[in-house]
Every structure is written in structure tokens, then in C-alpha cells.
Amino acid sequence: MKSKNFFEMSTDELEITLNNKKSELFNLRFQHATNQLTNPQVMVTCKRDIARIMTILRQRELGISAEPTTVSKRRK
């Protein structure tokens, strides 16, 4: 996923996504160890997504970035 998509998520959604990505990486490591993983690049993208999510969560914790607010757009 792109960083932009992660920035648009709420903190709760990011924590859920982080847990899902960590379990996905765990399963990918087992597949890699048993030579069942066909594309090892999937592990790299999963690790990068985890790093992106953790960075955004830390930025919000420090107050560098804010949680997105839902604003309805008006049509003219």
C-alpha cells in the first residue's frame, strides 16, 4: 500500500492493520522456510508496510501528524 492510504486511516484502523501485517509476515516466514513461497518480494513489501504503519503511529504519538478528520465535501 502507499503511505497516503495509511495516513488516511484512523489510529485504530492502523493498529488493526499492523496486527494483520505482522501475522501475515509470520506466515510468510514459515512459507519461506519450507520453500513454499513463490515470490519472496512479498516479504519485503510486507516489512515495508509494517515500517510505514509504525512510523505513522509514532508520528501521531509525538504530535507530528494528526489523525484524519472526516469532512464532508460540498458540491457547488
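Here Thr38 clears all of (1) assigned to a helix (DSSP H, G or I); (2) loosely packed, with under 10 Cβ neighbours inside 10 Å except the condition numbered (1).
Inside segment 41-66, can you point out the residues that are outside any helix (DSSP H, G or I), under 16 Å from Lys4 (Cα atoms) and either within 9 Å of the chain's Cα centre (by Cα) or of a type outside the set (A, V, I, L, M) (or both)? Scanning segment 41-66 gives a single hit, Ser65.
We did not get these values from a lab; they are worked out from the coordinates using the rules stated. Just so you know, these numbers come straight off a predicted model, no measurement behind them. Every residue, glycine among them, receives a Cβ derived from its backbone with ideal geometry; neighbour counts consider all protein chains shown.
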